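The values are calculated or read from the model by the stated rules, or taken from the named source; none is laboratory data. All figures in this text were calculated on a predicted structure; none of them were measured in a lab. Counting neighbours? That spans all protein chains shown, and the Cβs are built from the backbone with ideal geometry, glycine included.
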Amino acid sequence: MRLHIDRFESSFMTLSAIMIAGFGLAVLVAVFGLGVQLPGQVDQLAPAEVDSAPGFDNPGVRMVYPGKYEAYIVVQAWQFTPTEITIPAGSELTMYLASKDIIHGFHVLDTNINVMVIPGQISEVSNVFEEPGTYLYMCHEYCGALHHTMVGQIVVTEE
Ligand code: CUA
């Protein structure tokens, strides 16, 4: 038995299939061509234990070796600790974030860093900062009355 498919329906099905293939291709190009990746929830950490966890007990940035830095950032309503991170240009910065209370967000302007900070999880994001300048970061998950005050900055200095 041969299905009869209306000509218009058939063309819409073809168009739909082409679009789905196009979206799939866009995902593959984004992941393998442009390096876009889902920020990792790398480990678990109870909100009550953030202050005593290694790294988060002394939040801030430190050099792992020249050109490689890591920062531990404690997140709570309504502030990031620290509010400023300074690194030299050309450095790779890996940031670990943990929330002490509710869901917050972490977005760094002029980069593709954009991650949720979920209580109970450690979020990790990395970026190489080639250009000197000031990169603002902010909370982008609405978290209450002073959500809009949750900001900080990464200062990238001349090498
Ligand atoms: Cu934290 Cu909005």
Exercise. Can you confirm whether the stretch 109-131 contains a residue that is among the β-branched types (V, I, T), more than 16 Å from the ligand (Cβ to nearest atom) and over 25 Å from L34 (Cβ atoms)?
Key: yes
Quiz item: Which one of the conditions (1) within 10 Å of the ligand (Cβ to nearest atom); (2) part of a strand (DSSP E or B); (3) touching a helix residue (DSSP H, G or I) at 6+ places or on another chain (Cβ under 7 Å) does D101 fail to meet, given that it meets all the rest?
Solution: (2)
Quiz item: So which pairs qualify, if the first residue must be in the stretch 122-146 and closer than 23 Å to G67 by Cβ and of a type in the set (V, I, T), the second must be near the ligand (Cβ under 10 Å from one of its atoms) and in a strand (DSSP E or B), the Cβ gap must be under 8 Å, and the two must be at least 6 apart or on different chains?
Solution: V125/F106
Exercise. Please specify each residue of the stretch 67-89 satisfying the condition of being at pLDDT below 95 and more than 16 Å from the ligand (Cβ to nearest atom).
Key: G67
Practice problem: Out of D51, D110, D57, report the one residue that is in contact with a helix residue (DSSP H, G or I) (Cβ under 9 Å, 6 or more places away or on another chain) and in the same structural domain as S126 (by TED's automatic domain parsing). | Solution: D57
Quiz prompt | The one condition in (1) hydrophobic (A, V, I, L, M, F, W, C); (2) assigned to a strand (DSSP E or B); (3) within 16 Å of the ligand (Cβ to nearest atom); (4) at pLDDT 95 or above that C143 fails to fulfil | solution = (2)
